[in-house]
Structure formats: C-alpha cells, structure tokens
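Asker: First the structure, which I've put down as structure tokens, then a few questions once you've had a look.
The values are calculated or read from the model by the stated rules, or taken from the named source; none is laboratory data. What you see is a predicted model; the values in this text were computed from it and never measured. Because the Cβ atoms are built from the backbone with ideal geometry, glycine has one as well, and the counts that use them run over all protein chains shown. All accessible areas refer to the heavy atoms of the entire protein, side chains included, with ligands and DNA or RNA removed. Shrake-Rupley method; radii C 1.70, N 1.55, O 1.52, S 1.80 Å.
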Amino acid sequence: PKLLILTGDQDNLVDPSNSKYLSENMPEAEYIVFEKTGHAIHLQRPKEYSALLERVFEEGRERSKTFQA
C-alpha cells in the first residue's frame, strides 16, 4: 500500500514535527510538506492537493495491476 505523510509547514492544529517524526520512522512513506500552508491543505492549496491525490491514486491503480496478474 502507498503511504503518504502530508503536512503544511504552518499547521497550528497538528505540529508539523509530528509528521516529520512519522516520516523518520516510516521510511517507506512519501513525505511532503506544503510551504506557507496550515492545517486546511485541501482548502488552501486545492489544485496542488488534488493533483497530489490524483498522482497517488494513479500509482495505486498501477500497483494493483501487478497483483491482479
């Protein structure tokens, strides 16, 4: 399964250091920090967020094809 750790560098609800800690302890996960972004990433950066989700979903679809063969 694809693991994605996503945070905003200005998140006041969930400290970004928590996401950094997770990424350091989950090396298989992709770690992304959106700059000048708080907790509402999907509202603050909708285009970038949607593009990221589309990429991750497509990667998942491609990976699932290898398991179906």
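Asker: Being touching a residue at least 24 places away in the same chain (Cβ under 8 Å) and not acidic (D, E) is the filter here, so list the residues in segment 50-69 that pass it.
Answerer: L52, V56, G60, R63 - these are the residues of segment 50-69 that are touching a residue at least 24 places away in the same chain (Cβ under 8 Å) and not acidic (D, E).
Asker: For segment 23-48, which positions are in a helix (DSSP H, G or I), surrounded by 15 or more Cβ atoms within 10 Å (Cβ to Cβ) and in contact with a helix residue (DSSP H, G or I) (Cβ under 9 Å, 6 or more places away or on another chain)?
Answerer: Passing the criteria: only I41.
Asker: Any idea which residue in segment 49-67 is farthest from the chain's Cα centre (by Cα), counting only those that are open to solvent by 80 Å² or more (accessible area, probe 1.4 Å) and acidic (D, E)?
Answerer: E62
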